[in-house]
Structure formats: C-alpha cells, structure tokens
Amino acid sequence: MTDDSTPTLGIGMAGYAFMGRAHSQAWRTVGNFFELPMRVDMAAICGRDPAGVAAAAATLGWRSHETDWRRLIERDDIHLVDVCTPGDSHAEIAIAALEAGKHVLCEKPLANSVEEATTMLEAARRAERSGVRAMVGFNYRRVPAATLARQIVAEGRLGTLRHVRAVYLQDWIVDPEFPLVWRLRQEVSGSGALGDLGAHIVDLSQFITGQRISSVSALTETFIKERPLPEHTANGARGPVTVDDAALFLARLDGGAVATYEASRFATGRKNALRIEVNGDLGSLAFDLERLNELEFHDATGPAATQGFTRILVTEPVHPYVGAWWPPGHGLGYEHSFTHEVRDLIHAIAEATTPEPTFADGLQVQLVLDAVERSAKQSAGWVAVEAPARV
Ligand code: SOE
C-alpha cells in the first residue's frame, strides 16, 4: 500500500469523451486494487468546452480542469499526459509533452499517418534518454485471456503457427442517416474501420503470435458515401464520408503463418465483436472479446478420445492480472483492460523499464495500415510492409 514516502504521479488527460472516460475509470480505480509503487493524482482533465470539461472533471473524479492542453504541459504537478483526443491531435500533444519531460500514454492508433508516427517515435526516443516513458494504448493486450493466449503461444503449446484469423466487427453506422461524426472524416481520424478497429486486431494478433505482418493484399469499401452533417441535420445538408467503412486483407506473417483480417462497421448485429483464432500444428486458440473471460484451447497432443476445444475460464488467481480482483468465476469486463494498462505503465515509470506497446510498436502498426491502404488502391495487389525508417 502507498504511504507518505510513496512518490506521486500527477496525471493530465486531454479529451473526455469515450476514451477519456475509460481512462479516467482506470486511473481512479487502479490504486484500489493493485499494489502500486506510485500514488496516482488525477490532477487535471482538459477539453475545449469550458462547461463540458468542468462537468467531466466533477463526474470522472479529476481535481481540476483546463481548456488548453498546453496548460497540462506547463503545470509542475503533472508528470504524465494521457492523450485521449481524436487522432489529428495525437502528434502535436504527445510530442510537446515528451519535449517538456512528461511521460505520455497515447490512445491508438498512435497517429493518423506514418510520417506523424515516425516523428512521435523520434520524440519518444529523445525523451527516453532522460527517463521519460511513452506508451501506446492498445488496451486489449491486457484482457487477461489475451495475455494468457500470448503466454500459451510463447510456451510453444501451439507448435508451428499456420493460420491467424482476426475480425473486429461493429454495426453502429449501418443506418445511412447516422451523422457524419469525426470518426468518418479522414482529416480528423486518419482512416475509418481500418485505423479504429483494424489497428486493434493487427496489434493483438501480432502480440499473441509473436509474429509481425510482412505483406498484405487488401480491399477497402465505403458503402455510404454521404451522410447528414451533425450540425445541420435539421436542414438536411450532407457531407462526404472520407474514410473506409470496412477493410479486409490477407497477410503473410514473418514467422511463416498466413492470416486474414476483417474490420467493419457494417456487420449488422455485431456490436464489439473482436475475434482471433490461431492454428498451429500442435493446437489452436480462439479468443472472443464478447466473451472476454474465456479462452478456447485445443491441445492436439492429448489422447484422441478426449481432444477438442476446451473453454478455459480465465478468472483464476494464477491468470494474468486476475489475482488483484474478484474470486474465481466472478469475471472482469472491458474497463479492466485499461486499468491493467495504467497499472503496467506506473510500474514501468517507477522501475525505469520500457512500457509496451512502445511508440515503435505503434509506428509498426501504422506501417501495416499504410500498406493496406496502398494495396487497396492497387486493387488488392500484394504490398510489402515497409521497414520503419531508422529512428
Ligand atoms: C469505436 O469504434 C471504438 O470505440 C474504438 O475506437 C475503440 O478503440 C474500441 O475499443 C471500441 O470501439
């Protein structure tokens, strides 16, 4: 437990919409469940609308609020900036924070382009020399069943990996009258289903398998080309959708496995259906985010009569992160992945280790997304994932 000698980690958060709320919940609860080497101080939350950010600060448990993110960086009581804004401001805020000596947690995808992600990595590398840490928020790595899946693969229980099958399906924009929100505008979000959902399955599948995507053959589709402008819904004005609604691709992984990926916001009836299946010559794993306390495991080395997929209930104290929570069988949810993320980040800062996923990992995912977009422009021609420029 923390006492008076425990150092304080002052947090400043930019953004208070969906991700800001998810991260706030993590910062607020992490110290109640995990033994931490630092005391979390939720110093300030920042947003442009004065009334909105004041209300968010009160509801989400922040000690103060700001309307300009530059103030977070100036304040001496803030040691870490948590970037939960749309992608178009990630680079500017994260780089300024790192240059001011603040640790950074940045939401995924790291940036809206390879160029931005490269600049962010350069800033992170410079800052690292003075002990400043940077991490990208691919939170699903820290769902206990996903972490366990990685451990099972790393132990060699699946043998040589042959197939990866990854989908991330939602349906919140199936209605053509759904407004043209920021996630549907390329200049704000970078891309559509590809960056929002595809980035998660690219990261998670690489995390679980330990293999990286080396080439892709892709197609993307925008089903609804125009939508009502949010601010003008009453007079019927519409604007162009400038991102993909769905992205599908084949991939080769550098360890020899082949893979399929599908990210869509048009999978009617699927709300947050992230599923990954990995097949090796000794066994298989299947993970489904809508049943996130479970992991399916087939061990092909067992007696033929009792082989088959086993449902592991990932709620035992021996499972990653679970011991800090509830008795076996009581289960965790979506929000806990963020709590585990900030728990690991706090430890990395206190213990002077490198928190993962790093900005280099974020750039690598960006290079995959870029290869997918280039392949789709070439009618699914095979495109190699570029190696990152030496940073
Ligand atoms: C929206 O589609 C979204 O909130 C993503 O942006 C998140 O990263 C994902 O976890 C859930 O869906």
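Could you look at the chain and say what percent of its accessible area is carbon and sulfur, using a 1.4 Å probe and all protein chains?
51 percent
Could you sort L274, L169 by accessible area so the largest value comes first, with the probe set to 1.4 Å?
Of L274, L169, the descending order of accessible area is L169, L274.
Using unit Cβ charges (K, R positive; D, E negative) and no other charged atoms, how large, in debye to the nearest 20, is the dipole of the chain about its Cα centre? Each step should come with its number before you reach the end.
Numbers: 37 positive and 50 negative charges, 70 e Å.
It works out to roughly 340 debye.
Counting only Cα atoms, I'd like the Rg/Rh figure for the chain, Kirkwood definition for Rh.
Looking at the chain, the ratio lands at 0.97.
Relative contact order for the chain: what percent, with Cα pairs under 8 Å and sequence separation of 6 or more?
Contact order relative to length: 19 percent.
Going from most exposed to least, what order do Y168, Y334, Y321 have by accessible area with a 1.4 Å probe?
Ranked list, largest accessible area first: Y334, Y321, Y168.
Set the Förster distance to 56 Å, then compute FRET efficiency between F33 and T222 from the Cβ-Cβ distance, nearest 0.05. Walk me through the numbers before you get to the answer.
On the way: r = 42 Å, r/R0 = 0.76.
So the FRET efficiency works out to roughly 0.85.
Once you have the alpha carbon radius of gyration of the stretch 1-95, what is it after dividing by 2.2 N^0.38 Å, with N set to its residue count? Display every interim value, and only then the final one.
On the way: Rg = 13.1 Å, N = 95, 2.2 N^0.38 = 12.4 Å.
Relative to the rule-of-thumb radius for its length, the stretch 1-95 sits at 1.05.
Put +1 on the Cβ of every Lys and Arg and -1 on every Asp and Glu Cβ in the stretch 8-140; which of Q25, V136, V53 then has its Cα farthest towards the positive end of the dipole?
Of Q25, V136, V53, it is Q25.
Span-like helices, the chain: DSSP H, alpha-carbon axial extent 20 Å or more, mean Kyte-Doolittle -1.0 or greater, which ones?
18-33, 114-128, 334-351, 359-377
Using a Förster distance of 41 Å, how high is the FRET efficiency between E316 and T268, based on the Cβ-Cβ distance and rounded to 0.05?
On the way: r = 36 Å, r/R0 = 0.88.
With a Förster radius of 41 Å, E is 0.70.
Within the stretch 128-155, what residues put their amide N at less than 15 Å from the label point 7 Å along the Cα-to-Cβ vector of W182?
Taking a point 7 Å out along Cα→Cβ of W182, no residue of the stretch 128-155 has its backbone N under 15 Å.
What do you reckon, how do V243, V318 stack up by accessible area (1.4 Å probe), largest on top?
V318, V243
What is the extension gain from Q151 to A389, computed as 0.36 nm multiplied by their sequence separation minus the C-alpha to C-alpha distance, in nm to one decimal? Working shown, then result.
Values: separation 238, 0.36 × 238 = 85.68 nm, distance 3.02 nm.
Fully extending the segment from Q151 to A389 adds 82.7 nm.
Given labels modelled 7 Å from the Cα in the Cβ direction, how far is it in nm from A324 to E92?
Result: 3.4 nm between the two label points.
Using a 1.4 Å probe on the protein heavy atoms only, what accessible surface does H65 show? Give it in Å² to the nearest 10.
Counting only protein heavy atoms, H65 exposes about 80 Å² to solvent.
Go through A145, T354, L9 and say which Cα lies farthest out towards the positive end of the charge dipole of the chain; charges sit on Cβ, +1 for Lys and Arg, -1 for Asp and Glu.
A145
Suppose the chain between A305 and E231 were pulled fully straight at 0.36 nm per residue; how much longer would it get relative to their current alpha carbon spacing?
Value of the extension gain: 20.4 nm.
What 222 nm value per residue comes from the helices of the chain, counting each DSSP H run with n ≥ 4 as -39,500 (n - 2.57) and dividing by all residues, nearest 500 deg cm²/dmol?
Roughly -9500 deg cm²/dmol at 222 nm, from the helical runs in the chain.
For G239, what residues show an amide H to amide H distance below 5 Å, using hydrogens built from the backbone and excluding near sequence neighbours?
Result for G239 returns R227, L229.
Roughly how many Å² is the accessible area per residue of the chain, as a whole number, for a 1.4 Å probe?
Counting only protein heavy atoms, the per-residue value for the chain is 43 Å².
Long-range amide H contacts for V40: which residues qualify at under 5 Å (H placed 1.01 Å from N, peptide plane, sequence gap of 5 or more or a different chain)?
Those qualifying (amide H under 5 Å, at least 5 residues apart or on another chain) are L9.
Relative contact order, percent, of the stretch 8-140 when contacts are C-alpha pairs under 8 Å separated by at least 6 residues?
23 percent
The values are calculated or read from the model by the stated rules, or taken from the named source; none is laboratory data. Every value quoted in this text rests on a predicted model; they were computed, and no experiment measured them. Cβ atoms come from the backbone with ideal geometry, glycine included; neighbour counts cover every protein chain shown. When the accessible area is computed, the model is the full protein with side chains, heavy atoms only, and any ligands, DNA or RNA have been set aside. Shrake-Rupley method; radii C 1.70, N 1.55, O 1.52, S 1.80 Å.
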